[in-house]
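What follows is one structure encoded as structure tokens, with my remarks underneath.
The values are calculated or read from the model by the stated rules, or taken from the named source; none is laboratory data. This is a predicted model, so every value here is computed, not measured. Positions of Cβ are generated from backbone atoms using ideal geometry, with glycine treated the same way; all protein chains shown enter the neighbour counts.
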Amino acid sequence: MTNTPWETTMIHTDLGDLAVHIVGEGSPVVAWHSMFVDSSSWSRLVPHIPDRRFFLIDAPSCGASDALTEPVNISACTRAAAQVVTALATDFGGQPIDWLGNAWGGHVGMELAATHPDMIRSLVAISAPTFPIGVALRLKVRLLLPLYRAAGARGPVRSAIMSTLLTDTTRKTDTEAVALIDDCLATAGSDATITAIRSAILNRTDLLWAAREIRCPTLFVTTDDRGEWTPEQARTAVAQMSCATEVTITDARVIPALEQPVQLATALRRFWSRSRASTSDGTPV
């Protein structure tokens with residue numbers, strides 16, 4: 001993980017004050033993480049991309065940000081994200097930003113790129129299905145929520161979260177990654193996390209409409225071990241978009257920035273290099 005200190009600023013939004021942690025120098029990248037973690041989930045990736053200035057958002061009910069007072073939806077999160085980008089416009093030097101989103105953050109990024117095209121130069125959506133949560137997974141989540149409220153992230157609830165986010169190998173061998181997720185869960189608390197689960201997972205809507213509207217260079221990052229969002233499914237969405245591509249990270253499940261930061265960094269650097277070229281000469285990504 002990086003030893004470079006992170007500067008933190010608080011941005012007021014309709015969903016409360018959101019913490020934004022700033023690290024690095026270079027072109028701006030704004031990142032929004034997955035469910036069950038916070039901005040620390042990018043800490044293994046950042047050192048591998050030294051030529052970028054990262055603005056790492058703690059989503060509502062996560063990290064140092066305010067907790068949600070009630071469940072919201074992706075559109076509400078997108079409006080909050082737009083408020084963050086607007087508030088940080090001076091820090092960006094007035095230029096559009098590259099959006100980096102994992103799962104929850106990927107969904108926010110899709111809608112943001114579709115509805116605020118002037119803000120987004122390029123979009124990376126990691127482990128972010130364009131369709132709503134399936135019936136079986138929805139039922140599983142609903143059954144776990146009462147246990148979560150009663151006992152917190154322990155026992156079967158913790159096991160379900162870890163097995164959702166990390167591969168079997170990572171859970172067995174990477175104690176640092178497991179400890180990071182445990183720390184995130186402890187920081188958020190069970191009530192805040194349950195509200196976030198309802199907002200980011202249960203209230204997830206179909207976003208294929210947004211994907212079809214996106215005109216900036218877009219990269220869907222999939223993994224070889226997330227059954228809900230396969231590379232083939234992502235490529236089906238890509239085929240309906242004007243300027244998108246897909247890349248698969250191996251030996252990872254939902255958060256490749258934790259499990260395979262070097263692989264992901266390589267894919268991001270390649271995509272950002274191509275996207276800069278495409279926006280300058282008009283060629284597709």
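If a residue has to be over 20 Å from MET119 (Cα atoms) and touching a residue at least 40 places away in the same chain (Cβ under 8 Å) to count, how many in region 16-49 make the cut? Write out each step before concluding.
In the first step, residues of region 16-49 are kept if they are over 20 Å from MET119 (Cα atoms); the result is 16-17, 23-24, 34-49.
Restricting the remaining residues to those that are touching a residue at least 40 places away in the same chain (Cβ under 8 Å) gives 16-17, 34-38, 40-49.
So the answer is 17.
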*Specify the residue that is nearest to ALA160 (Cα to Cα); the eligible residues are those in region 33-52 that are assigned to a loop (DSSP other than H, G, I, E, B) and in contact with a strand residue (DSSP E or B) (Cβ under 6 Å, 6 or more places away or on another chain).*
SER34
*asked:* Out of ARG142, ARG158, ARG171, I need the residue that is out of contact with any Pro (no Cβ under 6 Å at 6 or more places or on another chain), surrounded by fewer than 17 Cβ atoms within 10 Å (Cβ to Cβ) and in a helix (DSSP H, G or I). Which one?
replied: ARG142
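Listed here are the residues, each with its yes/no results for (1) crowded, with 22+ Cβ neighbours inside 10 Å; (2) under 23 Å from ILE49 (Cα atoms); (3) out of contact with any Lys or Arg (no Cβ under 7 Å at 6 or more places or on another chain); (4) of a type outside the set (A, V, I, L, M).
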| residue | (1), (2), (3), (4) |
| --- | --- |
| MET162 | no, no, no, no |
| ASP206 | no, no, yes, yes |
| PRO231 | no, no, yes, yes |
| PRO256 | yes, yes, yes, yes |
*What is the one condition in (1) over 28 Å from SER122 (Cβ atoms); (2) surrounded by fewer than 20 Cβ atoms within 10 Å (Cβ to Cβ) that ALA188 does not satisfy?*
(2)
*Neighbours by Cβ (under 8 Å, 6+ apart or cross-chain): first from region 169-195, at pLDDT below 95; second surrounded by fewer than 13 Cβ atoms within 10 Å (Cβ to Cβ)*: none
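Would you check which residues across region 211-232 are farther than 26 Å from HIS116 by Cβ and either in contact (Cβ under 8 Å) with a residue 12 or more places away in the chain or of a type in the set (S, T, N, Q) (or both) and list them?
Taking region 211-232 and keeping what is farther than 26 Å from HIS116 by Cβ, we get 223-228, 230-232.
Hits for region 211-232 are THR223, ASP224, ASP225, ARG226, GLU228, THR230, PRO231.
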*Might you check whether a residue that is closer than 28 Å to ILE201 by Cβ, modelled with pLDDT of 95 or more and not in a strand (DSSP E or B) occurs anywhere in region 17-32?*
no
_From the list SER127, SER122, exactly one residue is in contact with a Gly (Cβ under 9 Å, 6 or more places away or on another chain), of a type in the set (Ser, Thr, Tyr), in contact (Cβ under 8 Å) with a residue 40 or more places away in the chain and crowded, with 24+ Cβ neighbours inside 10 Å. Which is it?_
SER127
*Looking only at region 227-248, which residues are in a loop (DSSP other than H, G, I, E, B) and over 22 Å from THR164 (Cβ atoms)?*
ALA239, GLN240, MET241, SER242, CYS243
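Can you confirm whether region 81-88 contains a residue that is under 26 Å from ARG226 (Cβ atoms), touching a residue at least 24 places away in the same chain (Cβ under 8 Å) and not in a strand (DSSP E or B)? Quick ask: steps written out before the conclusion?
The first filter runs over region 81-88 and keeps only residues under 26 Å from ARG226 (Cβ atoms), leaving 81.
Filter once more, keeping what is touching a residue at least 24 places away in the same chain (Cβ under 8 Å): 81.
Filter once more, so that each one left must be not in a strand (DSSP E or B): 81.
Yes, there is a match, as at least one residue in region 81-88 is under 26 Å from ARG226 (Cβ atoms), touching a residue at least 24 places away in the same chain (Cβ under 8 Å) and not in a strand (DSSP E or B).
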*Which one is farthest from THR248 (Cα to Cα), of the residues in region 145-155 that are among the hydrophobic types (A, V, I, L, M, F, W, C) and exposed (fewer than 14 other Cβ atoms within 10 Å of the Cβ)?*
ALA150
*Does any residue in region 55-71 that is buried (at least 22 other Cβ atoms within 10 Å of the Cβ) come within less than 8 Å, Cβ to Cβ, of a residue that is aromatic (Phe, Trp, Tyr) and not in a loop (DSSP other than H, G, I, E, B) six or more places away or on a different chain, and which pairs are these?*
LEU56/TRP42; ILE57/TRP32; ALA59/TRP32; ALA59/TRP104
*Could you give me the residue pairs with C-beta distances under 6 Å whose first residue belongs to region 270-285 and is closer than 19 Å to PHE220 by Cβ and of a type in the set (S, T, N, Q), whose second residue is modelled with pLDDT of 50 or more and not in a helix (DSSP H, G or I) wherever it lies, and which are 6+ apart or on separate chains?*
SER275/SER122; SER275/PRO217; SER275/VAL285; SER278/PRO217; SER278/VAL285
*asked:* of a type outside the set (Gly, Ala, Ser), over 29 Å from ARG270 (Cβ atoms), touching a Cys at 6+ places or on another chain (Cβ under 9 Å) and in a helix (DSSP H, G or I): which single residue out of THR187, THR195 fits that description?
replied: THR187
